[in-house]
1. Considering only DSSP beta bridges whose two residues both sit in region 137-288, what percent are antiparallel, to the nearest 5?
2. Farthest toward the dipole's positive end in the chain, which of GLY80, PRO288, ALA62, given Cβ charges of +1 (Lys, Arg) and -1 (Asp, Glu) about the Cα centre?
3. Taking the Cα centre of region 37-94 as origin and charging only Cβ (+1 Lys, Arg; -1 Asp, Glu), how large is the dipole, in debye to the nearest 20?
4. Eigenvalues of the Cα gyration tensor times 5, then square-rooted: what semi-axes does that give for the chain, in whole angstrom, largest first?
5. Please arrange ASP92, ASP280, ASP164 by counting, for each residue, the other beta carbons lying within 10 Å of its beta carbon, fewest first.
6. Could you tell me the distance between the Cα centroids of region 1-79 and region 82-145, to the nearest Å?
7. Order these peptides, 255-261, 150-156, by their mean beta-carbon neighbour count within 10 angstrom, highest first.
8. So between MET1 and ALA42, what do we pick up on full extension, going 0.36 nm a residue minus the alpha carbon distance?
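Only the coordinates and a few stated rules stand behind these numbers; no lab work does. Not measured: the values here are computed from a predicted model. Here the Cβ positions follow ideal geometry from the backbone for every residue, glycine too, while neighbour counts run over all protein chains shown.
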Amino acid sequence: MKVFVTGGSGYIGRATIDVLVRRGTEVSALARSDDSAQTVAAAGAKPVRGELNDTAVLYEAARAAHGVIHLAQHRGPDAGEVDQKAAEALQDGAGPGPYVHTGGVWVYGDTCGVVDEDAPMAPPRLTAWRLASERCVLARAATGERPIVVRPGLVYGNGGGLVDSFYAEPGRVSGAVPCIGDGSNHWSLVHVDDLAELYALALSAPPGSVYLGVADTNPTAGQVAQALSRAIGHPGSVRYLSEAQAQSQMGPISEAFLLDQQLTGTKARRELGWQPTHTDPLGELSRP
């Protein structure tokens, strides 16, 4: 099988390429720079030079593959427009082959207890654009195509992810891990290696499927902050921020970090045989 991946040189992309290659898949990956090309080549994929807004490149690369995994995300106020046009080009190229699109659990907003894929949606401003993009992607199931959406939780592991960028790294610099509010809100986590396995499995999913990429581990933000304080060598050193302080220091993403979310990945385990192996995120996040 040949699979084309966007975002292959990124944090999740490298892990996904690794899984695909280990499964014997021939992988090509979008690369916007020489450094990106070297990264995906080192991971075992064939670089395809281009940007996310190079729709002709995306179309041809998808057309030459048997399946597509779209992981890349454009940064900027036009993120929704760029993503939708990229998705259209990739789906046009993929035709009847599987097209796996990346969403995110933040589209659900706050949840009331533990919920699954069918929960109502109330996204923060940062990710509100994802709803229209996902609807357009999934609508193609009615035309004989094979769209699949994976909505990852908060990704951690292997020294990367948003938890490391916005919490662990600032904590290493200041000696105290930041925490927004009182830390009582829950986060749905997933290890990057487990998420990569889900993306590979999703290539065989039925058209129109949606899966939550979460490992049923929903600790509080405060518990995560305490774990990270142990990892940076300052156990218990947590700096609590007001919403205004967090907005000033982290920007719009702080609103998403303040969401109270508990989700389950039962559907992916039941339908795809997904088996997350990283089930102790607090233990892993506590390690230096």
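1. 20
2. ALA62
3. Magnitude of the dipole: close to 280 debye.
4. Ellipsoid half-lengths, sorted descending, are 31, 20, 18 Å.
5. By the 10 Å Cβ count, ascending: ASP280, ASP92, ASP164.
6. Rounded to whole Å, the Cα centres lie 19 Å apart.
7. 150-156, 255-261
8. Details: separation 41, 0.36 × 41 = 14.76 nm, distance 1.97 nm.
12.8 nm is the gain from fully extending MET1 to ALA42.
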